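The values are calculated or read from the model by the stated rules, or taken from the named source; none is laboratory data. These figures come from a predicted structure and were not determined experimentally. Quick reminder, even Gly has a Cβ in these numbers, built from the backbone with ideal geometry, and neighbours come from all protein chains shown.
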Amino acid sequence: MELGIGLPNTVPGTTGDQLTDWARAAEEAGFSSLGTIDRIVFPNYEPVVALSAAAAVTERIKLVTDVMLGPLRQNPAMVAKQFLSLDSLAGGERAVLGIGIGGREDDYAISGIDMSTRGKWLDDALARIRDIWNADGELEAKVGPRIGKGPSLMVGGAVDAAFERAAKYGDGWTQGGSGPSQFGSDLSNLDDAWKKAGREGQPRTLALGYFSLGPDAQANVESYVGDYYAWLGEDAVQGIAAGAPKDADSVKALVKAYEEWNCDELILFPASSDPAQVTLLAEAAGL
């Protein structure tokens, strides 16, 4: 299983220098991917902007939105172009569009978008993005720039429609932080949808988690998770914070748990923007 690391794009107070120093350190340490998560009503860096900064200072590491909240962008052709652009800037075959619908009412309210339309939007958008990436049409072929095989597509979500979208349009599916015990059930649903769609081979699988290491690990994870996930309620916040590894043994245990389910890649997101966290996680995971 590959191990990626999230950029601190949603950790409040992160500076541009910290973001690019983090990206350089992650590539040097041997992580497989740099990930971003997405909000609008929050003091975070927009995911594609953050990954573009990372692309400028790295050469190998994959650049993953895990996930972008697609319906908040509204124009699937622009999303398709953004990722063609990111992939070309990065040298090709590095950009990964992880996409989902999100569930925070304030993000939709400030965008003037009805949440009830988000599933239908994503169904239509995924088909459009694929047509553009495949240059399937006269106008579609003119959308670029293009290099190599282009970006890849991972669909997020834990309902039947999400697995069906992944099977119909995606290279695979990404789990949004619900843990390794849930991953087994999710994987079964994904496999069923993949076969039903007549897809050959196996879908790629990706999972998201959080981590916080060092002497301030507990305080950092409680502060960050409590702020970012306050909308879910106190019980959910406590559960997410409790599940985040805070020492080397718990990092290894989480990695092993996902490996046992044959997950292809796990991306662990930080609760601190200190680039020293990159080295601490690499050492804890044995990279």
Within the stretch 115-125, count every residue that is in contact with a Pro (Cβ under 8 Å, 6 or more places away or on another chain) and surrounded by 15 or more Cβ atoms within 10 Å (Cβ to Cβ). 4
Those residues of the stretch 20-40 which are free of Cβ contacts under 8 Å to residues at least 60 places away in the same chain and crowded, with 23+ Cβ neighbours inside 10 Å, in sequence order: ALA23, LEU34, THR36
If you go through the stretch 202-220 one residue at a time, how many are in contact with a Phe, Trp or Tyr (Cβ under 9 Å, 6 or more places away or on another chain) and either of a type in the set (Ser, Thr, Tyr) or surrounded by fewer than 18 Cβ atoms within 10 Å (Cβ to Cβ) (or both)? 4
In the stretch 256-276, what residues are among the hydrophobic types (A, V, I, L, M, F, W, C) and more than 17 Å from the chain's Cα centre (by Cα)? ALA257, TRP261, ALA276
For GLU46, which of the numbered conditions (1) under 13 Å from the mean Cα position of the chain (by Cα); (2) crowded, with 19+ Cβ neighbours inside 10 Å fails to hold? (2)
Filter result (in contact (Cβ under 8 Å) with a residue 40 or more places away in the chain and touching an Asp or Glu at 6+ places or on another chain (Cβ under 7 Å)) within the stretch 148-164: GLY148, LYS149, GLY150, PRO151, SER152, LEU153, MET154
If you check PRO145 against the conditions, is it exposed (fewer than 14 other Cβ atoms within 10 Å of the Cβ), touching a residue at least 60 places away in the same chain (Cβ under 8 Å) and of a type outside the set (S, T, N, Q)? yes
For the list (1) farther than 27 Å from PRO8 by Cβ; (2) of a type in the set (D, E, K, R); (3) part of a loop (DSSP other than H, G, I, E, B), I need the number of the one condition that GLU93 fails. (1)
Confirm whether ASP38 is among the charged types (D, E, K, R) and either assigned to a loop (DSSP other than H, G, I, E, B) or modelled with pLDDT under 95 (or both). yes
With the stretch 199-283 as the region, which helices (runs of 4 or more DSSP H) entirely inside it contain at least 2 residues that are of a type in the set (Phe, Trp, Tyr)? 217-228
Criterion first (over 21 Å from GLN277 (Cβ atoms), touching a residue at least 60 places away in the same chain (Cβ under 8 Å) and crowded, with 16+ Cβ neighbours inside 10 Å) does PHE83 satisfy it? yes
